[in-house]
Amino acid sequence: MNGIHDLGGMHGFGPVDPEPNEPVFHHDWERRAFALNLAAGFLGRWNIDMGRYAREHMPPAEYLATTYYEHWLYGLERLLVEKGLVTGKELEAMRPQGPVAGVKALGVDDLPKALRNRRAARMDDHLATPRFKAGDRVRTKNLNPTGHTRLPRYARDKVGVIDRDHGVFIFADAHAVTGQKVPQRCYSVRFEGRELWGPDAGPRDAIYIDLFEPYLEPAYPEGGHT
Amino acid sequence: MSDHHHGHDHAHEHEHDDRPGAHGAPLTDIQLRVRALESLLVDKGLVDPKALDTLIDTYETKVGPRNGARVVAKAWVDPAFKQRLLADSTAAIAELGYIGRQGEDMVVLENTPKVHNVVVCTLCSCYPWPVLGLPPVWYKSGPYRARTVIDPRGVLREFGVDVGDDVEVRVWDSTAELRYLVLPERPQGTEGMTEEQLADLVTRDAMIGVAQVKAPRRW
């Protein structure tokens with residue numbers, strides 16, 4: 001979706017403001033919101049792409065006026081209701097009305113294994129034959145799906161060069177909406193700064209973006225047909 | 001409760017928050033809302049508060065940029081490790097025991113005198129947790145996410161890094177599930193230092209690509 005989360009290239013935000021000796025969390029509620037998100041996620045009712053997609057639904061003005069862990073909290077509440085773990089009424093009253101069948105809370109003993117899991121979005125490479133290889137010129141499609149996508153707005157309908165083939169990964173766009181694990185090649189694509197931003201961009205700036213194969217089509221060689 | 005990190009009053013609590021748009025407006029009832037949600041989920045048997053405590057402790061005190069610094073220092077002193085690190089970053093990092101969530105598929109980017117790498121996530125705030133811990137507020141903030149892709153040299157200058165015109169800047173927007181770690185250049189004058197001493201020089205910011213590693217004046 002063309003959401004407010006897609007910030008790349010926007011002006012007007014002012015300087016980056018690093019905090020010296022920044023703590024991991026600034027408030028106790030941030031600790032709890034962080035852990036609640038992880039622990040609820042381990043219940044297995046949604047995946048990481050659904051989590052991102054849920055946060056993207058935050059109304060734009062609210063997104064800009066709130067902090068990172070508030071975004072997480074918004075997404076968590078939305079998913080809890082959407083996936084039937086909590087009813088809207090319960091959330092409103094913050095009072096339980098009944099149990100949820102078939103779920104088991106993540107316990108302390110389950111954590112080491114859960115946190116050290118080594119496989120997430122990567123799938124077996126034989127599941128999808130690569131259409132492109134390093135050095136190929138590609139053009140990103142002009143896509144504006146209302147669903148989830150990981151093709152940022154600033155990189156649509158742009159020509160780049162495949163830097164490397166990362167292998168096969170769960171296609172985020174489908175995973176966020178249907179939960180299906182559709183195998184797709186994921187490439188790192190190199191774009192020259194001037195291709196993305198025009199003549200004012202630095203001549204020696206390049207932007208590398210990880211893009212799924214369905215976002216890409218072949219581009220004619222430089223100087224060839226357009 | 002531990003809202004005392006800054007060691008000063010609450011009026012300053014939010015000045016480094018990561019709201020992409022505004023600064024300074026007070027948070028409303030957020031503490032109460034999170035507490036109520038936690039007790040709701042505990043009462044419904046969906047979360048175990050002890051597991052929450054362990055999760056917090058893990059990411060607040062056990063996983064952090066010291067892990068990444070050890071990877072970098074080892075790459076500086078051990079050419080065979082460096083080669084493995086650049087060829088299969090996930091496996092080489094796992095040799096040091098750093099595995100798991102948000103680090104399942106790692107890519108290490110080597111800075112050289114001709115190439116400076118910097119990492120961003122414009123769409124959310126993807127970050128390599130096992131080697132760097134949780135991201136700082138500025139990394140998740142609007143200014144960094146908006147500007148790094150369009151004005152990388154301007155952003156780097158704000159961090160005190162002046163990249164020469166002859167150096168290519170490569171910005172890596174982590175839009176998929178690959179997680180990036182920058183291997184900074186080893187500073188001159190550190191030839192006799194041990195791996196452990198070198199690790200102490202490596203900062204989180206250098207491994208994101210917004211800083212260079214400096215040699216100590218005297219060691």
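The values are calculated or read from the model by the stated rules, or taken from the named source; none is laboratory data. Just so we're clear, the structure is a prediction, and the values are computed from it rather than from any experiment. Please note: Cβ atoms are built from the backbone with ideal geometry, for glycine as well, and neighbour counts cover all protein chains shown. Each accessible area value is taken on the protein alone, full model and side chains, heavy atoms only, with ligands, DNA and RNA left out. Shrake-Rupley method; radii C 1.70, N 1.55, O 1.52, S 1.80 Å.
Heavy-atom accessible area per residue, chain B, 1.4 Å probe: how many Å²?
Each residue of chain B exposes 41 Å² on average to a 1.4 Å probe.
Considering amide H positions built from the backbone, and no H for Pro or chain starts, which residues 5 or more places from B:Leu109, or on another chain, come under 5 Å of its amide H?
B:Leu181, B:Val182, B:Leu183
Which value, in debye to the nearest 20, describes the size of the charge dipole of the protein assembly as shown about its Cα centre when Lys and Arg Cβ atoms bear +1, Asp and Glu Cβ atoms bear -1, and nothing else is charged?
Approximately 980 debye in magnitude.
Give me the percent of the accessible area of chain B that comes from carbon and sulfur atoms, probe 1.4 Å, all protein chains in place.
Carbon plus sulfur share of accessible area: 50 percent.
Computed FRET efficiency, Cβ-Cβ of A:Asn144 and A:Val103, R0 35 Å: what is it to the nearest 0.05?
Result of the calculation: an efficiency of 0.45.
Can you show me the helix-derived [θ] at 222 nm for chain A, built from DSSP H runs with n ≥ 4 at -39,500 (n - 2.57) apiece and divided by the number of residues, rounded to the nearest 500.
Using -39500 (n - 2.57) per qualifying helix, the result is -8000 deg cm²/dmol.
Rounded to whole Hz and in sequence order, give me ³J(HN,Hα) for the stretch A:139-155 from the Karplus expression 6.51 cos²θ - 1.76 cosθ + 1.60, θ = phi - 60°, writing x for Gly and Pro.
10, 6, 6, 8, 10, 9, x, 7, x, 8, 8, 10, 9, x, 4, 5, 10
Give the interface area between chains A and B as buried accessible surface, both sides summed, probe 1.4 Å, in Å² to the nearest 100.
8500
List the extent of the Cα atoms of the stretch A:124-218 along each of their three principal axes, largest first, rounded to whole Å.
Answer, in whole Å and largest first: 42, 29, 18 Å.
Return one whole number: the accessible area per residue of the stretch A:18-103 in Å², for a 1.4 Å probe.
40
Per Stokes-Einstein, at 25 °C and 0.890 mPa s, what whole-number D in µm² s⁻¹ belongs to the protein assembly as shown, with the Kirkwood radius over Cα pairs as the hydrodynamic radius?
Taking Rh from Cα pairs, D becomes 108 µm²/s.
Write down the percent of antiparallel bridges among all DSSP beta bridges whose residues are both part of the protein assembly as shown, to the nearest 5.
Restricted to the protein assembly as shown, the bridges split so that about 60 percent are antiparallel.
Cα extents of the stretch A:28-116 along the three principal axes, largest first, in whole Å?
Dimensions of the stretch A:28-116 along the principal axes of its Cα atoms: 40, 33, 26 Å.
Given charges of +1 on the Cβ of Lys and Arg and -1 on the Cβ of Asp and Glu, with all other atoms neutral, how large is the dipole of chain A about its Cα centre, in debye to the nearest 20?
Using Cβ point charges on Lys, Arg, Asp and Glu, chain A gives about 760 debye.
What's the FRET efficiency of B:Lys50 with A:Met94 using the Cβ-Cβ distance as r and R₀ = 22 Å, to the nearest 0.05?
0.55
Give the distance, in whole Å, between the Cα centre of the stretch B:171-219 and the Cα centre of the stretch A:68-135.
33
Let's test this: bin the Cα-Cα distances of the stretch B:21-147 at 5 Å from zero up to the farthest pair and state each bin's percent.
Result, from short to long distances: 2, 9, 13, 16, 16, 15, 11, 7, 5, 4, 1, 0 percent.
What is the Å³ per residue value for the convex hull set by the Cα atoms of chain A?
In chain A, the Cα convex hull volume per residue is 180 Å³.
How high is the FRET efficiency from A:Asp110 to B:Thr194, r the C-beta distance, R0 45 Å, rounded to 0.05?
0.70
Among A:Ala114, B:Pro216, B:Leu201, flag the residue with its Cα farthest along the positive direction of the charge dipole of the protein assembly as shown, charges on Cβ as +1 for Lys/Arg and -1 for Asp/Glu.
A:Ala114
Across the residues of B:29-39, average count of Cβ atoms on other protein chains within 10 Å?
Counting Cβ atoms of other protein chains within 10 Å of each residue's Cβ and averaging gives 6.
Each label point is 7 Å from the Cα along the Cα-to-Cβ direction; what then is the distance between the points at A:Lys133 and A:Val81, in nm?
5.2
Out of the total accessible area of the stretch A:28-116 (probe 1.4 Å, heavy atoms of protein only), what percent is carbon and sulfur?
Using a 1.4 Å probe with all protein chains present, the stretch A:28-116 comes out at 54 percent carbon and sulfur.
If the cut-off is a Cα-Cα distance under 19 Å, which lysines reach A:Lys181, setting aside same-chain residues fewer than 8 apart in sequence?
A:Lys83
Percent of Cα-Cα pairs per 5 Å bin, from 0 to the last occupied bin, for the stretch B:64-208, please list those.
Taking all Cα pairs of the stretch B:64-208, the binned fractions are 2, 10, 20, 23, 21, 15, 7, 2, 0 percent.
Can you give the relative contact order of chain B as a percent, counting alpha carbon pairs under 8 Å and 6+ residues apart?
So the answer I get is 23 percent.
Once you charge only the Cβ atoms, +1 for Lys and Arg and -1 for Asp and Glu, what is the size of the charge dipole of chain B about its Cα centre, to the nearest 20 debye?
Using Cβ point charges on Lys, Arg, Asp and Glu, chain B gives about 280 debye.
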